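The values are calculated or read from the model by the stated rules, or taken from the named source; none is laboratory data. Since we're looking at a predicted model, the values are computed, not measured. When we count neighbours, we look across all protein chains shown, and the Cβ atoms used for this are built from the backbone with ideal geometry, even at glycine. Surface areas here come from the heavy atoms of the whole protein model, side chains and all, with no ligands, DNA or RNA. Shrake-Rupley method; radii C 1.70, N 1.55, O 1.52, S 1.80 Å.
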Number of protein chains: 2
Amino acid sequence: MKTSIHGLHKVFESRIRLGIMSALMVNQKLDFNEFKHLLELTDGNLASHLTALEKHRFIQVKKQFVGKKPNTSYSATDLGRQKFTQHLNTLEALIKKVSQK
Amino acid sequence: MKTSIHGLHKVFESRIRLGIMSALMVNQKLDFNEFKHLLELTDGNLASHLTALEKHRFIQVKKQFVGKKPNTSYSATDLGRQKFTQHLNTLEALIKKVSQK
DNA sequence: AATTTAACTTTGTATTTCAAAGTACTTTTA
DNA sequence: TAAAAGTACTTTGAAATACAAAGTTAAATT
């Protein structure tokens, strides 16, 4: 087991950040409001989870105006994809181990 | 995504409790010291994670003497197996979703 | 001018996590 | 037989995390 949970990254353990990263793996970009509706969080809480991922450089932010509205969109960085993939691989291996028997 | 992370259980989010449950899915019982070596935790920390799982009735405890030494062993309950399986199924679905494309 | 929208930041509380130290009881060792 | 060690905790306290609610900034709409 020592080896099995070694590839897990603390920042991905939260269901919310897990959700954010998953969403960004299948969508090249998503904006603040999309996340808000997807995850049903308060603005502040969502912002802090996004900031946590940004601090690790697992996601990157782009601020612009879309039409006349401000828009903040997020995408996974290469590093983020790499680390998150490793996290999922570890989980997958763990699931496989548990399922086999 | 709303649906995807719905089957996750908070208590299984921690890598340590994930490790404990995984170990108990493939071993019908493990004792305190085995966990200690498997997970490399201080006694107190291990005890509190085990207690957390016990409070949810996801694991059960058996205290006995083995030879002359006290021995505390743990096993997953049916409820624990059921809930943990659901957690892993949810993760598996999420991984599949992310991997597809 | 007042309201709304977007995206935060700040504040404050509650919860979680963990190491370290302390405890109780038994056994082994010097 | 007194001291040390092992098992399995509990308690304490500090640090990190999580979250809601309220406040903020700046532009856009009514």
Lysine pairs in chain A 8 or more apart or on different chains: how many have alpha carbons under 20 angstrom apart?
20
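Working out 0.36 nm times the residue gap between B:A93 and B:V61, then minus their Cα-Cα distance, what length gain in nm do you get to one decimal? Write out the running numbers ahead of the final one.
Details: separation 32, 0.36 × 32 = 11.52 nm, distance 3.15 nm.
Result for the pair: 8.4 nm of gain on full extension.
Count charges around A:H56 for me, please; just the other residues with Cβ under 14 Å from its Cβ, Lys/Arg as +1, Asp/Glu as -1. Kindly include the intermediate steps, with their values, before the conclusion.
On the way: positive: A:K10, A:R17, A:K55, A:R57, A:R81, A:K83; negative: A:E13, A:E54, A:D78.
Cβ neighbours under 14 Å give a net charge of +3.
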Picking from B:H56, B:H87, B:H37, which is most flexible by a Gaussian network model of chain B using Cα springs under 10 Å?
B:H37
Each residue of the range B:88-95 in turn: what ³J(HN,Hα) in whole Hz from Karplus with 6.51, -1.76, 1.60 and θ = phi - 60°, glycine and Pro shown as x?
5, 4, 5, 4, 4, 5, 5, 4
Roughly what angle does helix A:15-26 make with the longest principal axis of chain A, taking Cα atoms, 0 to 90 degrees, to the nearest 10?
80 degrees
Which one of A:T72, A:T85, A:T51 has the biggest mean-square fluctuation once chain A is modelled by GNM with Cα springs under 10 Å?
A:T72
Could you tell me the relative contact order of the range B:10-95? Use alpha-carbon pairs under 8 Å, at least six residues apart, and round to a whole percent.
31 percent
Enumerate the amide H contacts of B:I59 below 5 Å, restricted to partners 5 or more residues apart or on another chain; note that Pro and chain-start residues carry no placed amide H.
B:E54, B:T77
Any idea what angle helix B:43-55 forms with the longest principal axis of chain B, computed on alpha-carbon atoms, 0 to 90 degrees, nearest 10?
60 degrees
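Share of Cα-Cα pairs in the protein assembly as shown beyond 25 Å, in percent?
Working: 8721 of 20301 pairs.
So the pairs more than 25 Å apart make up 43 percent of the total in the protein assembly as shown.
Using the crude model of +1 on Lys and Arg Cβ and -1 on Asp and Glu Cβ, and no other charge, please compute the dipole size for chain B relative to its Cα centre, in debye to 20.
Here chain B has a charge dipole of around 220 debye.
Over the alpha-carbon set of chain A, divide Rg by the Kirkwood Rh and report the Rg/Rh ratio to two decimals. List each step's numbers first, then the result.
Numbers: Rg = 15.3 Å, Rh = 14.5 Å.
Taking Rg over the Kirkwood Rh, I get 1.05.
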GNM on chain A, Cα springs under 10 Å; top mean-square fluctuation among A:T77, A:T90, A:T42 goes to A:T42
Residues whose placed amide H lies under 5 Å from that of B:S4, excluding near-sequence neighbours:
none
Run the 1.4 Å probe and let me know the accessible area of A:K29, rounded to the nearest 10 Å².
90 Å²
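Determine the gain in length on full extension of the stretch B:V26-B:D43; use 0.36 nm per residue of separation and subtract their C-alpha separation, reporting nm with one decimal. Please list the in-between numbers first.
On the way: separation 17, 0.36 × 17 = 6.12 nm, distance 2.28 nm.
That works out to 3.8 nm of additional length.
Starting with the highest mean, order B:11-22, A:5-16 by the number of other Cβ atoms within 10 Å, averaged over the residues of each peptide.
B:11-22, A:5-16
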At what distance in nm do the modelled label points of B:Q82 and A:E13 sit from each other, each positioned 7 Å from its Cα along Cα→Cβ?
2.7 nm
